[in-house]
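The values are calculated or read from the model by the stated rules, or taken from the named source; none is laboratory data. Just so it is clear, the model here is predicted, and its values are computed rather than measured. Positions of Cβ are backbone-derived with ideal geometry, glycine not excepted, and every protein chain shown enters the neighbour counts.
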Amino acid sequence: MTAGETVRGLLELTRPVNVVAASVLTFIGAFVAGGATGELLAVAAAVTATGLAVGAGNAINDYFDSEIDRVNRPDRAIPRGAVSPRGALGFSVVLFAGAVALALALPTLAIGIASVNLLALVAYTEVFKGLPGLGNALVAYLVGSTFLFGAAAVHEGGAGGLVPAIVLFVLAAIATLTREIVKDVEDIEGDREEGLNTLPIAIGERRALTVAAVLLAVAVVASPLPYVRGDFGVAYLLVVAPADAVMLAAAYESFRNPTAGQSRLKYGMFLAALAFIVGRAALELPAL
């Protein structure tokens, strides 16, 4: 393998699209907390730490799954020989170290969130991935916590100012959990063949979809909280209402067509995040 192929392999290990997406979510969390313009260094540190941690988590996941991937995903970097298992492990350690170094420059709450997340990323493949529901829940927490991490990076006061980001964290986590369960229903045949014990396999497809729908309904009921508390105004409601409608319709659609349902749910989640951005931006307008 040439040096260029090795570099490409290392980049593949990080899943660049996932790295960028998680970094953007962290920035949104900081923006919602009101610190994206006034705490630029903290935001940059949080966003970069998130990207490094996600890349490290993906690399360590490929390290643990290298033997399985030789059969199921021979095109990945380790099975095709672009990166050795030991090289992937060392690369993940370097990325984790960079994430830790940046996180240590942030407020205490952000450091705590980063510590939990780093442990969760390492434990996911070996401990939680094969447990019905728990693996989904851990993924959901990690996605939602990117918003909370971004907010904590720019907020050193009491918890009151973090409420919008906390609500966003909860909504994102529940919506992600719903989507993960629906995706498991979509993939149930393949998962059975591989011997996995996902939630739909453990309790049945319809029961799993019912659990997912109930969870999403709870998130939708909680979504007006930032408006009720006075954190955001009507602009927030005007965007979060259609987001709620799209996600509820997606949950309903999942009972008939899981593939279409989980795809539409993703768009609803995007709209929900946009609602928080719009809500916060509307507050900034009078100061411009």
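Would you check if Ala59 is crowded, with 22+ Cβ neighbours inside 10 Å, modelled with pLDDT of 90 or more, not in a loop (DSSP other than H, G, I, E, B) and not β-branched (Val, Ile, Thr)? Against the criterion (crowded, with 22+ Cβ neighbours inside 10 Å, modelled with pLDDT of 90 or more, not in a loop (DSSP other than H, G, I, E, B) and not β-branched (Val, Ile, Thr)), Ala59 qualifies.
What residue, of Val218, Val239, Val246, is closer than 18 Å to Gly279 by Cα and either modelled with pLDDT of 90 or more or surrounded by fewer than 16 Cβ atoms within 10 Å (Cβ to Cβ) (or both)? None of the other options fit; the residue is Val239. In this entry, Tyr124 is excluded by the filter for residues that are at pLDDT 90 or above, assigned by TED's automatic domain parsing to the domain that holds Leu40 and of a type in the set (Ser, Thr, Tyr). Remark: pairs (first residue in region 128-147, under 16 Å from Asn61 (Cα atoms) and not assigned by TED's automatic domain parsing to the domain that holds Leu196; second residue outside any helix (DSSP H, G or I) and hydrophobic (A, V, I, L, M, F, W, C); Cβ separation under 8 Å; 6+ apart in sequence or on different chains) = Gly130/Leu196. Just checking, which of Val185, Val170, Val127 is surrounded by fewer than 16 Cβ atoms within 10 Å (Cβ to Cβ), assigned to a helix (DSSP H, G or I) and hydrophobic (A, V, I, L, M, F, W, C)? After ruling out the rest, the residue left standing is Val127. Only one entry of Leu109, Leu11, Leu40 meets the criterion of being surrounded by fewer than 18 Cβ atoms within 10 Å (Cβ to Cβ), at pLDDT 85 or above and farther than 23 Å from Leu138 by Cα, and that entry is Leu11. State all residues of region 221-256 that are over 26 Å from Glu186 (Cβ atoms), touching a residue at least 12 places away in the same chain (Cβ under 8 Å) and in a loop (DSSP other than H, G, I, E, B); if no residue qualifies, say none. Within region 221-256, Pro224, Arg229, Asp231, Phe232, Gly233 meet the criteria. Does Phe91 meet the test of being outside any loop (DSSP other than H, G, I, E, B), surrounded by 17 or more Cβ atoms within 10 Å (Cβ to Cβ), more than 19 Å from the chain's Cα centre (by Cα) and outside the structural domain of Thr178 (by TED's automatic domain parsing)? So Phe91 fits the description; yes. When Gly144 is tested against (1) more than 17 Å from Thr26 (Cβ to Cβ); (2) in contact with a helix residue (DSSP H, G or I) (Cβ under 9 Å, 6 or more places away or on another chain); (3) modelled with pLDDT of 90 or more, just one condition goes unmet, and that condition is (1). In region 1-24, the residues that are assigned to a helix (DSSP H, G or I) form no Cβ pair under 8 Å with any partner that is of a type in the set (Gly, Ala, Ser) and surrounded by fewer than 16 Cβ atoms within 10 Å (Cβ to Cβ), whether six or more places apart or across chains.
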